[in-house]
Each structure stands twice: as C-alpha cells, then as structure tokens.
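The values are calculated or read from the model by the stated rules, or taken from the named source; none is laboratory data. Keep in mind the model is a prediction, meaning the values are calculated, not measured. Cβ placement follows ideal geometry from the backbone for every residue including glycine, while neighbour counts extend to all protein chains displayed.
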Amino acid sequence: MGAATSKNTKSDDFYGISAVSSLTGISSHLLRIWERRYNVVEPVRTDSKRRLYSRDNVDRLIRVKQLVDQGHAIGEVAKLSDEKLQERFFEVNGSDLAGSQNGSSPARVVFVGGTSRNEVRSAADRGQNLELIGEFADIDSMDQALKQGSADFLILDESTLFAETVHGLRDILVRHSVSLIIVIYRFAHSDALDELDKSPNSSIIPLKGPIQPDDLIRIAANSKELEKFLSFPPQTPLELEVESGETPPRRFSDRKLSELASRTSVVDCECPQHLANLLSSLSAFEEYSAQCESRNTEDAALHNYLYQTTAEARHTMETALAKVLKHEGIDID
C-alpha cells in the first residue's frame, strides 16, 4: 500500500471524508472501519483530527470498492500494494473506469455560479451519468425557475464556506427535493468542513476548487444511492454587510474570469489564463476576509487589514490583466 501523504502537501490536493465517500461510493462509516481494521489507506490528520485524503488515496479506494463489490475479500485486496491492486483491478475491469458505470439513467444536474462553469459542462459532455439541465447565475434565479423535484443534484460555486452556510444548503436540499449538493469553494472555515464531515450522510459534498471534471463524473456515478437530507428545518442565511470604504470595485466578474481562464491566446501566451485564475483566488479570499471580519470581533482589525490588502492586490492584478488583454487584442466585453 502507498505511504501516507505528508501534512506539508498542498491543501488543494486533499479531500475530506464526505467528498471521498461520494467519489468512491464507500460510506464514511464503512471507510473508517476499513481504515481501522485493514489499514486500506492512511489519510493525514489535521490538528483537529480531521481526515484528509490524497488523490492517490481516492484512486486506490475506487479500485478496492470495485473489487469488493465483485466478490473479492476486503482483507485480501487491502493488503495489496498500489501496483498489485492496479494489476488486479485492470484484470477484472479493464482500463476504462468511467465505462464501468452500470448504464443507469443520467443524474439531472443544475449548476449555480460561474467560476467552474466550463468544468461542469465538460463533465456533462463526457460523463454518461450526467445531464446538465440548467445553469443559473445565483440561488434566487434558480429558485424562481426550477421546479421542485426536477433535478437530482445541484452544483454550487461558493467563493467562501462557513458553518452557517451549511444550514442554507440544507434548506436548498429540502426546498428543491434534491439528493445531493456539491459545493465548490475556494476558501472555507474549518468549522464548516468539520460539520459536514460529521454529518450522518453525504448529501452535501464540499470540493475545494479548482475541480476536475472527472471528480464530478465519479460523484454522479454514486449519486443515485444517496438518501435525501430532510431532518433539518429551513434556515435563513446570514446576511453580511461590509463597509467598502476606499476598496476599489471589481473590474472583472467571475464569469469573465472563467471565460479568460479557458480561452487560448492569439499569440500562444498563457498569461491571461494565469492572471484570470490568480484573480479568481484573490477575489474569493477578499470576500472570505470580509466575512471573517464580521464573524470575529476580536480579530476584526486583522481581518479588515487582510480584506483591504487583498482588495488592493486584486485591483493591481486587474490593471495588469487589462494591460495584457489590450496588448494581445483580446476583447471580452
């Protein structure tokens, strides 16, 4: 079995147990048992003891689950090295992981947001178990247009994720009778992720952006097995107001940045794409810092400083991006 991943590995490379459960089809409870009894994978632990799984861990668990479902003993396959496990897996299943899906009807997906739009469309185009039935700029637009029960699950772009946000997501589960919400975030408070990991099921899956289309395809393969999360009453989302002061307004929207990140430059220069991705992260952290300021009065001054500094950095990089676009003759209006 592959060695445990170091805590020093970039956080972008890790998944919480809720995300892993949906990606692999292994319940969180069963996964903990397999780890304790058979040492099937070795997730790293945060200071708060939260499990974090690497991409290699996820790939290994997918193969283990497939073999166990086909009659192989968990005690046998869990002992195999990554190389031997892959050999056994391909002997039984062949090389096409996505092709092993059972031909069930595709999951009807609704996307809300802008940053991950291209990845969601790519997953819908490639995945046999995904059907993109609607795209909306925000939750309000979706609420007005989407009929209850018309979607199997939602994919939401959220720049930031806090514990109280989870209550609003549970409200959406009930309001639209969906089985699953995948929330793609840039920055999240540890309390929010801990609360989701402790949930009795995996009806809300947090994925740290940027995401890969293959992740969504794997989740869709298991979405039909999820139970609806109906035990939480509707909650009113917390309304936040932050004084802007001298903070410069945004020059590029999330949708514009997403378009730039996915297009090819006429002179084969990748700077517009890189700058667009950087600006997406800066804008998300700017919003995150503003919300942290509202939630923590003791550290309000520090978070206000982070908010203002990030806004200034974002404004500077927006000016740089505009200059690059002008130099290359790229018009995104």
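Only one of Glu87, Glu119 is outside the structural domain of Asp194 (by TED's automatic domain parsing) and either at pLDDT below 85 or in contact with a helix residue (DSSP H, G or I) (Cβ under 9 Å, 6 or more places away or on another chain) (or both). Can you tell me which?
Glu87
Considering only the stretch 69-91, how many residues are under 20 Å from Glu35 (Cβ atoms) and exposed (fewer than 13 other Cβ atoms within 10 Å of the Cβ)?
So the answer is 6.
Pick out the one residue from Leu97, Leu80, Leu30, Leu61 that is out of contact with any Gly (no Cβ under 8 Å at 6 or more places or on another chain), among the hydrophobic types (A, V, I, L, M, F, W, C) and modelled with pLDDT under 80.
Leu97
For the stretch 307-333, which residues satisfy the criterion of being in a helix (DSSP H, G or I), free of Cβ contacts under 8 Å to residues at least 24 places away in the same chain, farther than 16 Å from Pro249 by Cα and not basic (Lys, Arg)?
If the condition is that a residue be in a helix (DSSP H, G or I), free of Cβ contacts under 8 Å to residues at least 24 places away in the same chain, farther than 16 Å from Pro249 by Cα and not basic (Lys, Arg), then His327 is the only one that fits.
Restricting to the stretch 313-325, count the residues that are charged (D, E, K, R) and surrounded by 14 or more Cβ atoms within 10 Å (Cβ to Cβ).
Number of matching residues: 2.
Considering each residue of the stretch 41-58, count those that are buried (at least 23 other Cβ atoms within 10 Å of the Cβ) and without any contact (Cβ under 8 Å) to a residue 40 or more places away in the chain, and give that number. Quick ask: steps written out before the conclusion?
Residues of the stretch 41-58 buried (at least 23 other Cβ atoms within 10 Å of the Cβ): 41, 53, 57.
This time we only want the ones that are without any contact (Cβ under 8 Å) to a residue 40 or more places away in the chain, so: 53.
Of the residues in the stretch 41-58, 1 are buried (at least 23 other Cβ atoms within 10 Å of the Cβ) and without any contact (Cβ under 8 Å) to a residue 40 or more places away in the chain.
So is Ser116 out of contact with any Ser or Thr (no Cβ under 6 Å at 6 or more places or on another chain) and closer than 16 Å to Asp254 by Cα or not?
In short, yes.
Return the only residue of Val166, Val174 being surrounded by fewer than 21 Cβ atoms within 10 Å (Cβ to Cβ) and assigned by TED's automatic domain parsing to the domain that holds Lys208.
Sole residue among the options that is surrounded by fewer than 21 Cβ atoms within 10 Å (Cβ to Cβ) and assigned by TED's automatic domain parsing to the domain that holds Lys208: Val174.
Going through the stretch 158-198 one residue at a time, which ones are in contact with a helix residue (DSSP H, G or I) (Cβ under 7 Å, 6 or more places away or on another chain) and either among the basic types (Lys, Arg) or in a loop (DSSP other than H, G, I, E, B) (or both)?
Those that are in contact with a helix residue (DSSP H, G or I) (Cβ under 7 Å, 6 or more places away or on another chain) and either among the basic types (Lys, Arg) or in a loop (DSSP other than H, G, I, E, B) (or both): Phe162, Ser179, Arg186, His189.
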